[in-house]
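Some notes on the structure that comes next.
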Amino acid sequence: MTDKFILGIESSCDETAASIVKNGREILSNVINTQVDFHKKYGGVVPEIASRKHIENIDSVIDEALFSANMTLSDIDAISVTYGPGLVGALLVGVSSAKALSFATGKPLCAVNHIRGHICANFVAHPDLKPPFVCLVASGGHSHIVNVKDYTEFEILGRTRDDAAGEAFDKIARVLGLGYPGGPLIDELAKSGNGEAVYFPRVKMDNNSLDFSFSGVKTAVINYIHKAEQKGEEINKADIAASFQEAVTDVLCEHTIEGALLSGAETVALAGGVAANSALRAKMTEKCKKHGISVIYPPPVLCTDNAAMIASAGFFEFQKGNFADLTLNAVPNLPL
């Protein structure tokens with residue numbers, strides 16, 4: 001097969017990113033311009049600010065990705081872009097840029113689902129990985145258990161019915177006064193805490209469903225903290241962080257492994273920002289080992305939003321001949 005080079009563009013939330021990936025597996029450049037510092041003061045992403053920053057950064061980020069790969073647009077075989085799910089204003093910046101480049105160069109345009117992109121981060125991190133496998137996609141906006149049947153064929157085994165796991169981490173970090181983004185801060189604080197200090201609820205759905213619900217554990221932690229404050233009692237933030245993290249990772253692991261066993265998968269992959277959580281990685285690896293299931297995950301830089309995963313997903317769409325035209329629009333609630 002002749003080598004194929006895909007330019008990936010990602011702007012679904014607060015990272016403006018561009019990447020060149022060879023054959024869906026090899027990163028030639030991966031440029032990420034993060035807006036975290038602009039959103040910290042608000043305790044979360046402000047959509048209007050995110051959109052404006054994407055507009056300011058998108059051209060220079062794409063230029064840097066091409067420069068770092070020592071390539072020009074004429075060397076690219078296709079342009080892939082996230083078109084959903086995500087913040088509609090943020091998505092539109094990336095989609096508009098990708099369509100403009102496709103129109104100007106005549107290169108094919110590949111529309112990528114952001115959740116599929118997260119899954120494909122594992123193909124970049126583990127070049128020998130092939131479907132089928134089961135993937136847990138856990139981030140600030142998504143919590144899915146996905147049966148990856150083929151490179152472009154996905155079956156949802158379970159999903160959150162309310163809050164995403166990453167959203168719960170951010171909320172509890174804010175209540176604890178840790179700051180934003182909450183996931184890495186809770187992960188670090190929990191290392192010095194006792195995960196068995198406080199028991200927080202683990203939700204199991206009826207009818208053997210693999211769906212998640214994290215609103216209950218989030219509320220339980222908030223109520224615990226508020227009651228202690230009302231009584232004038234001092235709380236141990238490290239213990240609360242560790243106990244909360246223990247509850248969330250227990251459920252993520254249990255449901256994912258159950259999905260893997262039901263589908264006969266020999267490999268479980270992790271993806272999304274929460275996949276960078278050290279406790280989740282360790283627990284999933286330990287529990288899967290008991291069932292003879294191997295566990296893989298990307299490095300932290302490929303867990304959070306990036307364009308290498310979008311370029312990888314775009315490559316597999318390119319192989320299938322799944323191209324978008326210039327009517328492509330942002331779809332903020334795009335299903336998997």
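The values are calculated or read from the model by the stated rules, or taken from the named source; none is laboratory data. Note that the coordinates shown come from a computational prediction; the quantities given were computed from them, not determined experimentally. Positions of Cβ are backbone-derived with ideal geometry, glycine not excepted, and every protein chain shown enters the neighbour counts.
Quick one: is Ile20 within 23 Å of Cys120 (Cβ to Cβ), surrounded by fewer than 22 Cβ atoms within 10 Å (Cβ to Cβ) and touching a helix residue (DSSP H, G or I) at 6+ places or on another chain (Cβ under 8 Å)?
Taking the combined requirement at face value, the residue does not satisfy it.
What number of residues within region 226-256 satisfy the criterion of being assigned to a helix (DSSP H, G or I) and over 22 Å from Glu167 (Cα atoms)?
Count: 4.
Of the residues that sit in region 91-120 and are of a type in the set (Val, Ile, Thr) and within 22 Å of the chain's Cα centre (by Cα), which one is nearest to Met309 (Cα to Cα)?
Looking at the filtered set, the residue picked out is Ile119.
Restricting attention to region 79-101, which residues are touching a strand residue (DSSP E or B) at 6+ places or on another chain (Cβ under 8 Å), over 23 Å from Val45 (Cβ atoms) and surrounded by fewer than 24 Cβ atoms within 10 Å (Cβ to Cβ)?
Selection gives Lys99, Leu101.
When you scan region 269-283, do you find a residue that is touching a His at 6+ places or on another chain (Cβ under 8 Å), surrounded by fewer than 17 Cβ atoms within 10 Å (Cβ to Cβ) and not basic (Lys, Arg), even just one?
Looking for residues that are touching a His at 6+ places or on another chain (Cβ under 8 Å), surrounded by fewer than 17 Cβ atoms within 10 Å (Cβ to Cβ) and not basic (Lys, Arg), one finds none in region 269-283, hence no.
Among what's in region 33-52 and is within 14 Å of Gly94 (Cα to Cα) and in contact with a helix residue (DSSP H, G or I) (Cβ under 8 Å, 6 or more places away or on another chain), pick the residue that is surrounded by the most Cβ atoms within 10 Å (Cβ to Cβ).
My answer is Ala50.
With Ala173, Ala111, Ala190, Ala165 as the choices, which residue is buried (at least 20 other Cβ atoms within 10 Å of the Cβ) and assigned by TED's automatic domain parsing to the domain that holds Leu92?
Ala111
Please go through region 1-38 and give me each residue that is assigned to a strand (DSSP E or B) and hydrophobic (A, V, I, L, M, F, W, C), ordered by number.
Result: Phe5, Ile6, Leu7, Ile9, Ala17, Ala18, Ile20, Val21, Ile27, Leu28, Val31, Ile32.
When only residues in region 288-336 that are hydroxyl-bearing (Ser, Thr, Tyr) and surrounded by 16 or more Cβ atoms within 10 Å (Cβ to Cβ) count, which is nearest to Val88 (Cα to Cα)?
The extreme case among them is Thr304.
For every residue, the table says whether it meets (1) closer than 30 Å to Thr2 by Cα; (2) of a type outside the set (A, V, I, L, M, F, W, C); (3) at pLDDT 95 or above.
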| site | (1), (2), (3) |
| --- | --- |
| Phe38 | no, no, no |
| Glu48 | no, yes, no |
| Ser60 | yes, yes, yes |
| Ala69 | yes, no, yes |
| Ser74 | yes, yes, yes |
| Ser96 | yes, yes, yes |
| Phe103 | yes, no, yes |
| Lys107 | yes, yes, yes |
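Only residues in region 80-103 that are assigned to a helix (DSSP H, G or I) count as the first member; pair them with residues that are among the basic types (Lys, Arg), Cβ under 8 angstrom, at least 6 apart or cross-chain, and list the lot.
Pairs that qualify, where the first residue is assigned to a helix (DSSP H, G or I) and the partner is among the basic types (Lys, Arg), are Leu101/Lys107.
With respect to the numbered conditions (1) over 24 Å from the mean Cα position of the chain (by Cα); (2) assigned to a helix (DSSP H, G or I); (3) surrounded by 16 or more Cβ atoms within 10 Å (Cβ to Cβ), which one is the sole condition not fulfilled by Ile55?
Ile55 satisfies every listed condition except (1).
Which condition number does Tyr180 fail, the rest of (1) modelled with pLDDT of 90 or more; (2) under 22 Å from Ile225 (Cα atoms) being met?
So the condition that Tyr180 fails would be (1).
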